[in-house]
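Remarks on the structure that follows.
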């Protein structure tokens, strides 16, 4: 089977896992309640939400008609609260046609576990103050126009399960210690930004539950060897970067891996291991197109019973032909 590399297929697989992670994170947040108790904590949450609203244009008046002091904030659209303390646990406004920057005051929502602002026309930098949200399990800021560097303070989000910053204009390098304390992380999506430089070699040392790495369409490299030790990994997308050198051989022996995308790197090289060392039983998508892989075509791919997309073109591979 052969097909051109298909980013849309990769994104579909990523989206499925992201949605499952969001559901798990959201389940931990209680539904909103009609009662608003007074107290310093609730006052802080109210002030933070009003500051967030103040920095956003709202052309369709999605917030204007509901986010008012005359309505308890736990009844506001996109807001979930804990049942007893009436503290904000989720701000979820995906696809809302808002325009503007994220107010740093969001970092004062100390009970927040879900922040989902995917595709809301956000601009400007990611506020470093978000690193104060120690209860956060899901951070979704994808498909906006966020710029500047990734704040190092995001490394303080020790409960985070999903970090989705894909499809923005983030630049600079990945902070060296960003994932050092994210022991629960399952998904990291930095796809299609302007990130550059080295992928920190120890970036994934403390992320044993990681299922998705999506770093495609940046200017990053090389592949950290520790990636091959991520036993839960299902999606490894690093296509369209500046990867060079050899692919770690152990990557071809990852029993849960479903997607391996290294296409359009140009200088990525290596040879495939022997059949005995090649074990990708769940592989569904592999694209190494336009690199410098050499040697014999990996016959062990015949054992990948779930394989849907195979694209090894524009390399230096050969295969044995049998006659008679």
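The values are calculated or read from the model by the stated rules, or taken from the named source; none is laboratory data. Please read these numbers as outputs of a predicted model, since none were measured by experiment. Cβ atoms come from the backbone with ideal geometry, glycine included; neighbour counts cover every protein chain shown.
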Quiz item: What about residue 64, is it exposed (fewer than 14 other Cβ atoms within 10 Å of the Cβ) and within 23 Å of residue 151 (Cβ to Cβ)?
Solution: no
Quiz item: Within the set of pairs 6+ apart or on separate chains, which have a first residue in the range 191-204 that is farther than 14 Å from residue 241 by Cβ, a second that is exposed (fewer than 13 other Cβ atoms within 10 Å of the Cβ) and modelled with pLDDT of 95 or more, and C-beta atoms under 6 Å apart?
Solution: none
Practice problem: Could you tell me which residue of the range 307-316 is nearest to the chain's Cα centre (by Cα), considering only residues that are within 17 Å of residue 270 (Cβ to Cβ) and either part of a loop (DSSP other than H, G, I, E, B) or modelled with pLDDT under 90 (or both)? | Solution: 312
Quiz item: Give me the pairs: first residue in the range 275-287 and free of Cβ contacts under 8 Å to residues at least 12 places away in the same chain, second residue surrounded by 13 or more Cβ atoms within 10 Å (Cβ to Cβ), beta-carbon distance under 9 Å, and six or more apart or on different chains, which are they?
Solution: 276/300
Quiz item: What tally of residues in the range 289-306 results from selecting those that are out of contact with any strand residue (DSSP E or B) (no Cβ under 7 Å at 6 or more places or on another chain) and outside any helix (DSSP H, G or I)?
Solution: 5
Practice problem: Within the range 224-247, track down each residue that is buried (at least 21 other Cβ atoms within 10 Å of the Cβ) and farther than 25 Å from residue 306 by Cα. | Solution: 241, 243
Quiz item: Would you pick out the residues in the range 239-264 that are in contact with a strand residue (DSSP E or B) (Cβ under 7 Å, 6 or more places away or on another chain) and closer than 17 Å to residue 211 by Cβ?
Solution: 257, 258, 259, 260, 261
Practice problem: Among the residues of the range 122-146, count how many are surrounded by 17 or more Cβ atoms within 10 Å (Cβ to Cβ) and more than 22 Å from residue 89 (Cα to Cα). | Solution: 3
Practice problem: Please state which of the following conditions residue 226 fails to meet, knowing it meets all the rest: (1) at pLDDT 95 or above; (2) within 15 Å of residue 150 (Cβ to Cβ). | Solution: (2)
Quiz item: Do we have any residue at all in the range 5-22 that's within 27 Å of residue 165 (Cβ to Cβ), within 27 Å of the chain's Cα centre (by Cα), modelled with pLDDT of 95 or more and outside any loop (DSSP other than H, G, I, E, B)?
Solution: no
Quiz prompt | Single condition residue 226 does not satisfy, out of (1) farther than 19 Å from residue 199 by Cα; (2) under 20 Å from the mean Cα position of the chain (by Cα) | solution = (1)
Practice problem: Quick one: in the range 209-238, of everything that is part of a helix (DSSP H, G or I) and in contact with a helix residue (DSSP H, G or I) (Cβ under 8 Å, 6 or more places away or on another chain), which residue is farthest from residue 162 (Cα to Cα)? | Solution: 225
Practice problem: Would you check which residues across the range 248-268 are part of a loop (DSSP other than H, G, I, E, B) and either buried (at least 19 other Cβ atoms within 10 Å of the Cβ) or over 23 Å from the mean Cα position of the chain (by Cα) (or both) and list them? | Solution: 254, 257, 258, 262, 263, 264, 265, 266
